[in-house]
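Enquirer: Input: one structure, supplied below.
The values are calculated or read from the model by the stated rules, or taken from the named source; none is laboratory data. Note that the coordinates shown come from a computational prediction; the quantities given were computed from them, not determined experimentally. With ideal geometry, Cβ positions are generated from the backbone for all residues, glycine too; neighbour counts draw on all protein chains shown.
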Amino acid sequence: MSNAQSIINLSTLHSHIFSFSSIVGGFTGLILANSIIDIIPHDPYFVIGHFHLVLSLGAIYTISSAFYLYRVFFPTISFPDSLGRIHFGSSFISSNSISFTMHSLGIIGFPRRIYDYSLLFWTFHRFNPFGIIGIYLSMTVLLLLHHYNFIVL
């Protein structure tokens, strides 16, 4: 073994999040692909959580990974990695809290085509805005990283 240290940069962190969301999305896709229980997971909110986890979060993670990867090619773009790690942590926790809340709502049977719901689902709906606010704050940090060069330099 060598004494080389493993350096995990911000692009690698976002790539790991993308791999995590793809693996979890693959497991939920296996549940949705089961033909024996076809109606049960497709009618409630479970399929919405699956699509949000696989499609939208996968795209956001790859765009963030590309932003952090290609910033090294432009010498004028430099910012502290601490803000990037704050963006990473807040986007990971808040986006997964939203998608796992949708999965949990689907498992307990929240219908996706009905606008009114019982009080059983109120706790999950009360938890969702915190994840949305967290995503908003993480995107604000990303915009601050983008404008950091114009403010400081």
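Enquirer: For the structure I just gave you, tell me whether ILE77 is assigned to a loop (DSSP other than H, G, I, E, B), surrounded by 12 or more Cβ atoms within 10 Å (Cβ to Cβ) and modelled with pLDDT under 80.
Expert: The answer is yes for ILE77.
Residues checked against (1) over 14 Å from the mean Cα position of the chain (by Cα); (2) surrounded by 14 or more Cβ atoms within 10 Å (Cβ to Cβ); (3) among the charged types (D, E, K, R):
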residue	(1), (2), (3)
VAL54	no, yes, no
ALA59	no, no, no
SER65	no, yes, no
ARG71	yes, yes, yes
SER82	yes, no, no
PHE88	no, yes, no
SER97	no, yes, no
HIS103	no, yes, no
GLY106	yes, yes, no
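Enquirer: Is at least one residue of the stretch 114-121 part of a helix (DSSP H, G or I), in contact (Cβ under 8 Å) with a residue 24 or more places away in the chain and either in contact with a Phe, Trp or Tyr (Cβ under 7 Å, 6 or more places away or on another chain) or not hydroxyl-bearing (Ser, Thr, Tyr) (or both)?
Expert: No, the conditions are met nowhere in the stretch 114-121.
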